[in-house]
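The structure under discussion appears below in the form of structure tokens.
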Amino acid sequence: MYAFGFSIDFFCVLEEMNNEKKKANRRLKSVREDRISELPDAIIIHVLSLLASTKICVKTSVLSKRWHHLWTYVPNIILSRYDFLCNEPKHRIIKRVLNKTLALHSSSKLNKFSIEIDLRKLYPSIESWLQLAVGRAVESLTLEFSGSSTRYLLPQFLYSNSNIRRLTTTFCEFVPEERISWSALKELSIGQATLNDEVIQNILYGTPVLEDLQLNFCYGIKLLDLSLKPKLKNLAINVGHSDYYFELKILGPYVETLKIYLTFS
């Protein structure tokens, strides 16, 4: 049992971690000093924050006793469906791992919260994860879902936030009941969503410092009025090759870079 308290099937890599620990110990015995472990915790945590996923961060806990808990202070939680390759049903593993990760996570501030998962059978748990992320003032939020014909309906509490600077969604629906307020948002990417002119204008009104907007396979918008968005300089729109009658009027006097992609699947 490891000091950080994960069960034996965590990420299904404990056997691999045991082997890596033995190899690491042998390597440490072959050198006079471990210069990395002599670094201050703050520097090690910063280095860990540059890793691509939380899974990789957790695996560093085998390097030494001092490193057992350091991953829990990394201000990022990044998990994707590719991190879960066990025979057990993925939704059970993902739910258990995310709940355990959030419970053990010690950082009071989150720079990044990113989940790329299959939406099926996990829908009821997502809102509680988002509440924890928002409660820790997350700045970069990525919600990319797949595996279901049902899109994830964004919870109402998410529409008013002064910390999120970067928001990326795939297969999420935007149905705000009140005025959107994302006062710090600078980058917004929406994928596979059904929008309308009212919702997109609500989004634009509520993002006063928005600089980059990307719409990937978003349908229902007829008018994209950016005439009151002097800070919005970059606009990208991705259209499927089957949308022969796609029609969108853009008013963008301040846009400096406009990219329109035609994607062939």
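General observations
- Net dipole in debye of segment 136-265 [+1 Lys, Arg Cβ; -1 Asp, Glu Cβ; about Cα centre; nearest 20]: 300
- When the pairs LYS112/LYS259; LYS112/LYS249; LYS65/LYS121; LYS59/LYS95; LYS100/LYS121; LYS109/LYS259 are compared against a 29 Å limit on Cα-Cα distance, LYS112/LYS249; LYS65/LYS121; LYS109/LYS259 fall above it.
- Taking 0.36 nm per residue of separation and subtracting the current Cα-Cα distance, fully stretching the chain between SER64 and SER108 would add 13.4 nm.
- Couplings 3J(HN,Hα) of segment 206-221, computed from phi: x, 10, x, 10, 4, 10, 10, 10, 10, 10, 10, 6, 9, 10, x, 8 Hz, in residue order, whole Hz [Karplus 6.51 cos²θ - 1.76 cosθ + 1.60, θ = phi - 60°; x for Gly and Pro].
- Here the accessible area of segment 122-265 is 50 percent carbon and sulfur, with a 1.4 angstrom probe and all protein chains present.
- Extreme residue, positive dipole direction of segment 192-245, given options LEU223, GLY240, GLY206 (C-beta unit charges): GLY206
- Convex hull volume of the C-alpha atoms in segment 121-210, normalised per residue: 86 Å³.
- One decimal place: the segment LYS233-LYS249 gains 4.0 nm when fully extended, by the rule 0.36 nm per residue minus the C-alpha distance.
- Segment 108-260, relative contact order [Cα under 8 Å, separation at least 6], %: 16
- Solvent-accessible surface of segment 127-198, averaged per residue with a 1.4 angstrom probe and all protein chains in place: 44 square angstrom.
- Inter-probe distance in nm under a simple model that places probes 7 Å from Cα toward Cβ, at SER149 and THR194: 1.2
The values are calculated or read from the model by the stated rules, or taken from the named source; none is laboratory data. The shown structure was predicted, so the numbers you read here are calculated from the model rather than taken from an experiment. We place every Cβ from the backbone using ideal geometry, glycine too, and count neighbours over all the protein chains shown. Surface accessibility is based on the protein's heavy atoms, side chains included, excluding ligands, DNA and RNA. Shrake-Rupley method; radii C 1.70, N 1.55, O 1.52, S 1.80 Å.
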